[in-house]
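**Student:** This is the structure, below, for whatever I ask next.
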Amino acid sequence: MLNRDYQHGSIDDYFDELSRWLEMEAQAERQRLARRRQMRSQADVERTGETLVRMKLQDHQTGLAGRFLLDFAKPDNEALPLNRLKVGSPVVISDQDDASDSGVPGVVSRRRGVNIQVATEAWPQGTIFRLDLSPDETTRRRQQGAMARARIATGRSGRLRDALLGRRPLRFEPIDPTAIRFVSSLNPPQQDAVRFALSARDAAVIHGPPGTGKTTTVAELILQAIERGDRVLACAPSNTAVDNLLERLVNLDCNALRVGHPARVFEALRHHTLDELVEQDPSTDVIREMKREVQDLIRAAERGSRSRDSRRRRRELFAEAGQLRGQIRSLERSVIQSVVDSADVICTTTTIDDELLSDRHFDLVVIDEACQATLPGVWQAILRADRIVLAGDHCQLPPTVLSEEAAAAGLRESLMQHLVEREGHDVFRRLTVQYRMHRAIMNFSSKVFYESELIADESVAEHLLSDLAGAAVTALTDNPIEFIDTAGAEFEEEIEPDGESKFNAKEAEVIVRLVTDLLDAGIEPQQIGVIAPYAAQVRLLRSLLDPALQVDTVDGFQGREKEAILLTMVRSNQRGEIGFLGDTRRTNVALTRARRKLLVVGDSATLGQHPFYAAMLEYFESEGNYRSVWDFGDL
């Protein structure tokens, strides 16, 4: 385990340990990919969520820097199965019928219910393809390079590194409260957080529990920094988090630039993406014509012929297309740099394109959702900063880590978490007024995770499902929380056939019954969300429920909310084993997605052996909202 009091060890020891964790994670990813490639059943390999098979090339176009944008879909446009191929995920595209094909690397640039788009530098061979989530070697190389620079950094970067590692004290300077004119309608804790972050000479943390307006606060901080002349870099570990922040900045009329692969670009945001701004530049007319030539060459190569030299001709056409794409990249580079230089704030993921940003340094670097970034994953951003602000909630989802050995050593812990635990209240300000949850939904998490500091705003403190237009007043809609106990009913968990994920068929029946009752009471399908900690339970429930309902894992619901949330805990066994439910931060996410109604279904005999869940069960009982599944009678 890495010593958090880094002043007692050498800088080299610190970065050596982080590098070792990265290699553990790389090895775990390679092993998973190898196992998937050895699976013979297409159903089994897709069940992992990391592979899509029977994919056909539906369409293609040429994107920024001459890269190919390839659209893949299933035959007959059937819905894609549940998968982890998210926007920004690295993938390998390979010929499904050729086991020896090593494939070409790409990055998911867009995904929808029936198709997925991949950006790649090379054209894949084949007619039927498989897409595999792959080890992200590019990100890892960038992280290793940043850490190599950080360990020998001097000057401002060296001083900031030492402050973050506890080798020198964090510094703050007084801020005149009257000098700040807030643009957003911030509550007092949010205003205090912005002032505190602006006062930091090295680093500060904004702690935003669920529903407290963290992104709004961070956007206001960035605007205030710009107003005083700062150049700002705004980062987040995921594309979705970057786009959420971009949306808030655009609403504040910030001159913001989005670089990378936007996960969801609304019409109002498109003019702020690098691709769109480059396309609008007058000097790109020539580039557009060259892109059309590339597409023509690719189509000619695809048509082929029966002639003897068709293979040679195909190679020549692809080679010519490659040369043109190189020229396109050169011409676009000058346009890109002009666009980047004109922005007040650049929005990107923490996997920063160093070639794009060159040697640019920023007065302020903000990392939103910082609790989901690993320690190796933040050094690219830190090296570009004079000052840094980390925002997020270390009491919710931690960074995603595959290697259990690396996770146990510390890779699943974030820099934000380390700073808060080491420096205490001296380094952070917590947002305490939340605008999402009924008071009863909020109180348990507030007590366990947030020192009982959360306050439900009057607009949400007592709101119920029965207050919604068209909703009937029933026992379900007029009550904010319920725990339905399956203990003694023999609702045993099962392992998915030929898989590793767990499901609970009887619990799924209860969930379906409850969803039906909510729908009958006038609650709309889009107002209801169902959360399961295991992918197998998600797959089962999706097969049983209306597709209009969102059914997903805890990770899939991060950052989202619904009027009613139903949570199925799945685990039910004689041994009292709860697996990764033991990471209670995940459960905190699930419990805080609901606005007006939270329904939890689980086995108290299994869950209650863990102190956290014993306290949760006690809370539901103290609120008078604890009942047995036997009350249903006919299940």
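The values are calculated or read from the model by the stated rules, or taken from the named source; none is laboratory data. Given the structure is predicted, the values throughout are model-derived calculations rather than measurements. Cβ: placed from backbone, ideal geometry, glycine included. Neighbour counts: every protein chain shown. Side chains included, ligands, DNA and RNA excluded: accessible areas come from the protein's heavy atoms. Shrake-Rupley method; radii C 1.70, N 1.55, O 1.52, S 1.80 Å.
**Student:** Select, from Gly410, Gly424, the only residue that is over 23 Å from the mean Cα position of the chain (by Cα), on the phi > 0 side of the Ramachandran plot and open to solvent by less than 30 Å² (accessible area, probe 1.4 Å).
**Tutor:** Gly424
**Student:** Further, regarding this structure: Take the conditions at pLDDT 95 or above and under 24 Å from Glu492 (Cα atoms) and apply them to Leu514. Does it pass?
**Tutor:** yes
**Student:** Another question, if that's okay. Within the range 427-451, track down each residue that is buried (at least 20 other Cβ atoms within 10 Å of the Cβ) and acidic (Asp, Glu).
**Tutor:** None; the set is empty.
**Student:** Still on this structure, please answer the following. Which numbered condition trips up Ala548, out of (1) under 23 Å from Leu464 (Cα atoms); (2) part of a helix (DSSP H, G or I); (3) out of contact with any Leu (no Cβ under 8 Å at 6 or more places or on another chain)?
**Tutor:** Single failed check for Ala548: (2).
**Student:** While we're looking at this one, here's another question. Being farther than 14 Å from Ala406 by Cα and either open to solvent by 70 Å² or more (accessible area, probe 1.4 Å) or at pLDDT below 90 (or both) is the filter here, so list the residues in the range 11-26 that pass it.
**Tutor:** Asp12, Asp13
**Student:** Could you please give the count of residues in the range 112-137 that are surrounded by fewer than 13 Cβ atoms within 10 Å (Cβ to Cβ) and not small (Gly, Ala, Ser)?
**Tutor:** Adding up the residues that qualify gives 2.
**Student:** Can I ask one more? When you scan the range 457-504, how many residues do you find that are of a type in the set (A, V, I, L, M) and touching a residue at least 60 places away in the same chain (Cβ under 8 Å)?
**Tutor:** Selection size over the range 457-504: 9.
**Student:** Right, next: Take Thr553 and tell me if it is of a type outside the set (Asp, Glu) and open to solvent by 10 Å² or more (accessible area, probe 1.4 Å).
**Tutor:** In short, yes.
**Student:** Please go through the range 528-544 and pick out each residue that is buried (at least 21 other Cβ atoms within 10 Å of the Cβ) and either among the polar types (S, T, N, Q) or under 25 Å from Ile495 (Cα atoms) (or both).
**Tutor:** Hits for the range 528-544 are Gly529, Val530, Ile531, Ala532, Pro533, Tyr534, Ala535, Ala536, Gln537, Val538, Leu540, Leu541.
**Student:** Can you tell me which residues in the range 514-526 are crowded, with 19+ Cβ neighbours inside 10 Å and either under 28 Å from the mean Cα position of the chain (by Cα) or without any contact (Cβ under 8 Å) to a residue 24 or more places away in the chain (or both)?
**Tutor:** Selection gives Val515 alone.
**Student:** Can I ask one more? Counting only residues that are part of a loop (DSSP other than H, G, I, E, B) and open to solvent by less than 30 Å² (accessible area, probe 1.4 Å), which one in the range 500-513 is nearest to Arg595 (Cα to Cα)?
**Tutor:** Asn504
**Student:** Say we look at the range 27-56 and pick out the residues that are assigned to a strand (DSSP E or B) and open to solvent by 50 Å² or more (accessible area, probe 1.4 Å); which of these is farthest from Leu297 (Cα to Cα)?
**Tutor:** Ranking the candidates gives Arg54 first.
**Student:** Would you say Thr154 is more than 24 Å from the chain's Cα centre (by Cα) and closer than 22 Å to Leu419 by Cα?
**Tutor:** Against the criterion (more than 24 Å from the chain's Cα centre (by Cα) and closer than 22 Å to Leu419 by Cα), Thr154 qualifies.
**Student:** For the range 82-111, give me each residue that is open to solvent by 40 Å² or more (accessible area, probe 1.4 Å) and assigned to a loop (DSSP other than H, G, I, E, B).
**Tutor:** If the condition is that a residue be open to solvent by 40 Å² or more (accessible area, probe 1.4 Å) and assigned to a loop (DSSP other than H, G, I, E, B), then Arg84, Lys86, Gln96, Asp97, Asp98, Ala99, Ser100, Ser102 are the ones that fit.
**Student:** Where the second residue is open to solvent by 30 Å² or more (accessible area, probe 1.4 Å) and of a type in the set (Asp, Glu) and the first is closer than 13 Å to Leu52 by Cα and lies in the range 111-127, which pairs have Cβ atoms under 8 Å and are six or more apart or on separate chains?
**Tutor:** Close Cβ pairs satisfying both conditions: Val114/Glu78.
**Student:** Name the residue that is least open to solvent (accessible area, probe 1.4 Å), counting only residues in the range 180-210 that are in contact (Cβ under 8 Å) with a residue 40 or more places away in the chain, of a type in the set (D, E, K, R) and under 24 Å from Arg168 (Cα atoms).
**Tutor:** The residue in question is Asp202.
**Student:** Between residues in the range 587-604 that are open to solvent by 10 Å² or more (accessible area, probe 1.4 Å) and at pLDDT 95 or above and residues that are of a type outside the set (Ser, Thr, Tyr) and part of a helix (DSSP H, G or I), which pairs lie under 6 Å by C-beta distance while being six or more apart or on different chains?
**Tutor:** Arg596/Leu465; Ser604/Leu617
**Student:** Here's another thing I want to ask about it. If a residue counts only when it is surrounded by 20 or more Cβ atoms within 10 Å (Cβ to Cβ), among the β-branched types (Val, Ile, Thr) and touching a residue at least 12 places away in the same chain (Cβ under 8 Å), which strands (runs of 3 or more DSSP E) contained entirely in the range 308-405 have at least 3 such residues?
**Tutor:** Strands (runs of 3 or more DSSP E) meeting the threshold: 345-349, 362-367.
**Student:** Could you check the range 463-488 and list, in sequence order, the residues that are assigned to a loop (DSSP other than H, G, I, E, B), farther than 20 Å from Val601 by Cβ and open to solvent by 30 Å² or more (accessible area, probe 1.4 Å)?
**Tutor:** Listed by number, the residues that qualify are Ala469, Gly470, Ala472, Val473.
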